[in-house]
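Participant: One structure, as C-alpha coordinates, below. Some questions next.
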Amino acid sequence: EIQLQESGPGLVKPSQSLSLTCSVTGYTITSGYDWSWIRKFPGNKMEWMGYISYSGSTNYNPSLKSRISITRDTSKNQFFLQLNSVTTEDTATYYCARWGGGYYFDYWGQGVMVTVSS
Amino acid sequence: DIQMTQSPSLLSASVGDRVTLSCKASQNIYKYLNWYQQKLGEAPKLLIYYTNSLQTGIPSRFSGSGSGTDYTLTISSLQPEDVATYFCQQYNSWPLTFGSGTKLEIK
(Lines give C-alpha, C1' and ligand atoms only; values in the text may rest on other atoms or scores of the structure.)
Protein backbone atom coordinates (compact mmCIF):
# COMPACT_ATOMS: atom_id res chain seq x y z
CA GLU A 1 0.00 0.00 0.00
CA ILE A 2 1.34 3.41 -0.99
CA GLN A 3 1.51 5.88 1.87
CA LEU A 4 2.78 9.45 2.11
CA GLN A 5 3.53 11.21 5.37
CA GLU A 6 4.44 14.86 5.87
CA SER A 7 6.63 16.05 8.70
CA GLY A 8 8.15 19.31 9.81
CA PRO A 9 7.78 22.21 12.21
CA GLY A 10 4.31 23.49 12.89
CA LEU A 11 5.44 27.04 13.59
CA VAL A 12 7.71 29.22 11.49
CA LYS A 13 8.62 32.86 12.05
CA PRO A 14 7.99 35.47 9.35
CA SER A 15 10.89 35.96 6.91
CA GLN A 16 12.30 32.52 7.72
CA SER A 17 12.17 29.38 5.59
CA LEU A 18 9.57 26.65 5.83
CA SER A 19 10.97 23.15 5.38
CA LEU A 20 8.86 20.01 5.14
CA THR A 21 9.57 16.36 4.39
CA CYS A 22 7.35 13.84 2.64
CA SER A 23 8.22 10.23 3.36
CA VAL A 24 6.88 7.71 0.88
CA THR A 25 6.38 4.01 1.55
CA GLY A 26 5.07 1.32 -0.75
CA TYR A 27 6.46 2.90 -3.92
CA THR A 28 9.90 4.10 -5.01
CA ILE A 29 9.75 7.76 -6.05
CA THR A 30 12.30 7.17 -8.82
CA SER A 31 10.11 4.49 -10.44
CA GLY A 32 7.58 6.88 -11.90
CA TYR A 33 5.07 9.70 -11.45
CA ASP A 34 5.39 13.25 -10.19
CA TRP A 35 5.53 14.08 -6.51
CA SER A 36 3.73 17.25 -5.51
CA TRP A 37 3.23 19.68 -2.71
CA ILE A 38 -0.21 21.22 -2.29
CA ARG A 39 -1.46 23.54 0.42
CA LYS A 40 -4.88 24.42 1.78
CA PHE A 41 -5.38 27.82 3.31
CA PRO A 42 -7.85 28.68 6.07
CA GLY A 43 -11.12 29.13 4.21
CA ASN A 44 -10.44 26.09 2.00
CA LYS A 45 -8.60 27.63 -0.96
CA MET A 46 -6.18 24.99 -2.27
CA GLU A 47 -2.99 25.73 -4.18
CA TRP A 48 -0.77 23.36 -6.11
CA MET A 49 2.78 24.44 -5.28
CA GLY A 50 4.98 22.27 -7.47
CA TYR A 51 6.35 18.83 -8.10
CA ILE A 52 9.53 16.84 -8.51
CA SER A 53 9.32 14.13 -11.12
CA TYR A 54 10.62 10.60 -10.85
CA SER A 55 13.61 11.73 -12.94
CA GLY A 56 14.36 14.68 -10.67
CA SER A 57 13.05 17.50 -12.81
CA THR A 58 10.87 20.12 -11.15
CA ASN A 59 7.86 22.22 -12.08
CA TYR A 60 6.72 25.07 -9.87
CA ASN A 61 3.67 27.25 -9.65
CA PRO A 62 4.75 30.60 -11.12
CA SER A 63 3.17 32.37 -8.16
CA LEU A 64 5.85 30.80 -5.95
CA LYS A 65 8.72 30.39 -8.37
CA SER A 66 11.10 32.79 -6.66
CA ARG A 67 10.60 31.28 -3.19
CA ILE A 68 10.12 27.54 -3.67
CA SER A 69 12.45 24.58 -3.99
CA ILE A 70 11.51 20.91 -4.13
CA THR A 71 14.29 18.37 -3.75
CA ARG A 72 14.59 14.71 -2.88
CA ASP A 73 16.69 12.07 -1.15
CA THR A 74 16.30 8.92 -3.19
CA SER A 75 18.16 6.82 -0.62
CA LYS A 76 15.45 7.61 1.92
CA ASN A 77 12.57 7.72 -0.58
CA GLN A 78 11.72 11.22 0.58
CA PHE A 79 11.10 14.53 -1.08
CA PHE A 80 11.23 17.97 0.46
CA LEU A 81 9.65 21.40 0.29
CA GLN A 82 11.50 24.59 1.07
CA LEU A 83 9.61 27.86 0.94
CA ASN A 84 11.66 30.95 1.62
CA SER A 85 10.77 34.35 3.06
CA VAL A 86 7.47 33.21 4.51
CA THR A 87 4.75 35.59 5.67
CA THR A 88 1.57 35.05 7.61
CA GLU A 89 -0.13 34.40 4.27
CA ASP A 90 1.79 31.13 4.05
CA THR A 91 -0.13 29.77 7.04
CA ALA A 92 -1.82 26.64 5.69
CA THR A 93 -2.08 22.88 5.86
CA TYR A 94 0.57 21.40 3.59
CA TYR A 95 0.03 18.12 1.77
CA CYS A 96 2.26 15.94 -0.32
CA ALA A 97 0.62 13.91 -3.04
CA ARG A 98 1.37 11.74 -6.04
CA TRP A 99 0.32 13.09 -9.43
CA GLY A 100 -0.66 9.84 -11.07
CA GLY A 101 -0.17 9.31 -14.78
CA GLY A 102 -0.71 12.94 -15.63
CA TYR A 103 -4.35 12.77 -14.67
CA TYR A 104 -5.03 13.06 -10.94
CA PHE A 105 -3.71 13.13 -7.40
CA ASP A 106 -4.25 9.52 -6.39
CA TYR A 107 -2.33 9.32 -3.10
CA TRP A 108 -2.15 12.03 -0.46
CA GLY A 109 -0.52 12.48 2.90
CA GLN A 110 -2.56 13.42 5.96
CA GLY A 111 -1.27 16.97 5.86
CA VAL A 112 0.71 19.08 8.31
CA MET A 113 -0.52 22.40 9.61
CA VAL A 114 2.07 25.18 9.48
CA THR A 115 1.51 28.51 11.16
CA VAL A 116 3.65 31.52 10.31
CA SER A 117 3.77 33.77 13.33
CA SER A 118 6.27 35.67 15.41
CA ASP B 1 -4.18 30.67 -14.46
CA ILE B 2 -7.56 28.98 -14.86
CA GLN B 3 -9.93 29.99 -12.08
CA MET B 4 -12.29 27.34 -10.71
CA THR B 5 -15.50 28.48 -9.02
CA GLN B 6 -17.60 26.05 -7.01
CA SER B 7 -21.18 26.54 -5.93
CA PRO B 8 -22.75 26.50 -3.53
CA SER B 9 -20.09 26.90 -0.85
CA LEU B 10 -22.38 25.19 1.66
CA LEU B 11 -25.09 22.67 0.90
CA SER B 12 -27.46 21.10 3.39
CA ALA B 13 -29.53 18.11 2.27
CA SER B 14 -31.39 15.14 3.70
CA VAL B 15 -30.36 11.50 3.63
CA GLY B 16 -31.61 9.98 0.40
CA ASP B 17 -31.67 13.27 -1.50
CA ARG B 18 -30.15 13.67 -4.94
CA VAL B 19 -27.43 16.28 -4.58
CA THR B 20 -25.72 18.32 -7.29
CA LEU B 21 -22.50 20.28 -6.85
CA SER B 22 -21.26 22.68 -9.48
CA CYS B 23 -17.82 23.70 -10.69
CA LYS B 24 -17.21 26.37 -13.31
CA ALA B 25 -13.90 27.04 -15.05
CA SER B 26 -12.81 30.46 -16.29
CA GLN B 27 -12.08 28.92 -19.70
CA ASN B 28 -12.66 25.68 -21.58
CA ILE B 29 -10.88 22.82 -19.80
CA TYR B 30 -11.88 20.09 -22.26
CA LYS B 31 -13.17 17.72 -19.54
CA TYR B 32 -9.80 17.66 -17.73
CA LEU B 33 -11.58 17.88 -14.41
CA ASN B 34 -11.28 15.85 -11.21
CA TRP B 35 -13.36 15.71 -8.04
CA TYR B 36 -12.02 15.02 -4.55
CA GLN B 37 -13.76 14.39 -1.24
CA GLN B 38 -12.21 15.55 2.00
CA LYS B 39 -13.65 14.49 5.31
CA LEU B 40 -12.74 16.35 8.47
CA GLY B 41 -9.20 15.58 9.56
CA GLU B 42 -8.50 13.32 6.60
CA ALA B 43 -6.55 13.58 3.38
CA PRO B 44 -8.46 14.37 0.20
CA LYS B 45 -9.66 11.31 -1.71
CA LEU B 46 -10.03 11.09 -5.48
CA LEU B 47 -13.64 10.40 -6.46
CA ILE B 48 -13.91 11.13 -10.18
CA TYR B 49 -11.31 11.83 -12.86
CA TYR B 50 -11.65 13.13 -16.41
CA THR B 51 -15.10 14.52 -15.64
CA ASN B 52 -16.98 11.22 -15.38
CA SER B 53 -14.62 8.30 -14.65
CA LEU B 54 -15.25 6.77 -11.24
CA GLN B 55 -12.12 5.98 -9.25
CA THR B 56 -11.79 2.36 -8.13
CA GLY B 57 -13.65 1.67 -4.90
CA ILE B 58 -15.88 4.74 -5.03
CA PRO B 59 -19.62 3.99 -4.67
CA SER B 60 -21.69 4.22 -7.82
CA ARG B 61 -23.98 6.83 -6.27
CA PHE B 62 -21.25 9.33 -7.21
CA SER B 63 -21.18 10.51 -10.82
CA GLY B 64 -19.74 13.39 -12.79
CA SER B 65 -20.68 15.21 -15.93
CA GLY B 66 -19.96 18.32 -17.90
CA SER B 67 -18.02 19.85 -20.72
CA GLY B 68 -16.45 23.13 -21.70
CA THR B 69 -16.48 25.33 -18.63
CA ASP B 70 -19.32 23.76 -16.61
CA TYR B 71 -19.07 20.58 -14.57
CA THR B 72 -21.22 18.75 -12.03
CA LEU B 73 -20.75 16.16 -9.32
CA THR B 74 -23.95 14.29 -8.46
CA ILE B 75 -24.68 12.08 -5.49
CA SER B 76 -27.78 10.09 -6.40
CA SER B 77 -28.82 9.23 -2.85
CA LEU B 78 -27.05 11.10 -0.08
CA GLN B 79 -25.66 8.97 2.74
CA PRO B 80 -24.51 10.11 6.20
CA GLU B 81 -20.92 9.16 5.35
CA ASP B 82 -20.94 11.63 2.45
CA VAL B 83 -20.59 14.57 4.84
CA ALA B 84 -17.41 16.21 3.59
CA THR B 85 -16.01 19.07 1.56
CA TYR B 86 -15.81 18.44 -2.18
CA PHE B 87 -13.20 20.05 -4.41
CA CYS B 88 -12.89 20.21 -8.18
CA GLN B 89 -9.49 20.48 -9.86
CA GLN B 90 -8.55 21.18 -13.47
CA TYR B 91 -5.57 19.73 -15.29
CA ASN B 92 -6.05 21.25 -18.72
CA SER B 93 -3.11 23.55 -18.13
CA TRP B 94 -0.41 24.36 -15.62
CA PRO B 95 -0.53 25.49 -12.93
CA LEU B 96 -3.10 22.97 -11.74
CA THR B 97 -5.89 24.79 -9.93
CA PHE B 98 -8.63 23.87 -7.51
CA GLY B 99 -12.03 25.20 -6.64
CA SER B 100 -12.54 26.45 -3.12
CA GLY B 101 -14.87 23.64 -2.20
CA THR B 102 -18.48 22.83 -1.40
CA LYS B 103 -19.16 21.77 2.16
CA LEU B 104 -21.92 19.17 2.25
CA GLU B 105 -23.96 18.71 5.41
CA ILE B 106 -26.87 16.53 6.42
CA LYS B 107 -30.06 18.45 7.19
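The values are calculated or read from the model by the stated rules, or taken from the named source; none is laboratory data. In this text the structure is predicted, and so the values were computed from the model without any measurement. Cβ sites come from the backbone with ideal geometry, for glycine too, and all protein chains shown count toward neighbours.
Participant: Which condition number does B:LEU40 fail, the rest of (1) closer than 28 Å to A:GLY111 by Cα; (2) modelled with pLDDT of 95 or more being met?
Facilitator: Here B:LEU40 clears every test but (2).
Participant: Here is a further query. State which residue is surrounded by the fewest Cβ atoms within 10 Å (Cβ to Cβ) when the search covers only region A:78-115 and only residues that are among the small types (Gly, Ala, Ser) and modelled with pLDDT of 95 or more.
Facilitator: Among them, the one singled out is A:SER85.
Participant: In the list B:SER100, B:SER93, B:SER26, which residue meets the criterion of being without any contact (Cβ under 8 Å) to a residue 60 or more places away in the chain, of a type in the set (S, T, N, Q) and either under 23 Å from A:GLN110 (Cβ atoms) or out of contact with any Leu (no Cβ under 6 Å at 6 or more places or on another chain) (or both)?
Facilitator: When all the criteria are applied, what remains is B:SER26.
Participant: Given (1) within 22 Å of A:GLY10 (Cα to Cα); (2) more than 14 Å from chain B (Cβ to nearest Cβ); (3) part of a loop (DSSP other than H, G, I, E, B); (4) of a type outside the set (Phe, Trp, Tyr), where does A:GLU89 come up short, assuming only one miss?
Facilitator: With respect to (1) within 22 Å of A:GLY10 (Cα to Cα); (2) more than 14 Å from chain B (Cβ to nearest Cβ); (3) part of a loop (DSSP other than H, G, I, E, B); (4) of a type outside the set (Phe, Trp, Tyr), A:GLU89 is out only on (3).
Participant: What is the number of the single condition among (1) in a strand (DSSP E or B); (2) buried (at least 16 other Cβ atoms within 10 Å of the Cβ) that A:GLN5 does not meet?
Facilitator: Only one criterion is unmet by A:GLN5, namely (2).
Participant: To continue, here is another question. With (1) away from chain B (no Cβ under 14 Å); (2) at pLDDT below 95 as the list, and A:PRO42 as the residue in question, which single condition is left unmet?
Facilitator: In the conditions (1) away from chain B (no Cβ under 14 Å); (2) at pLDDT below 95, A:PRO42 misses (1) alone.
Participant: I would also like to ask the following. So how many residues does region B:56-99 have that are facing chain A (nearest Cβ under 8 Å) and under 23 Å from A:GLN5 (Cα atoms)?
Facilitator: 6
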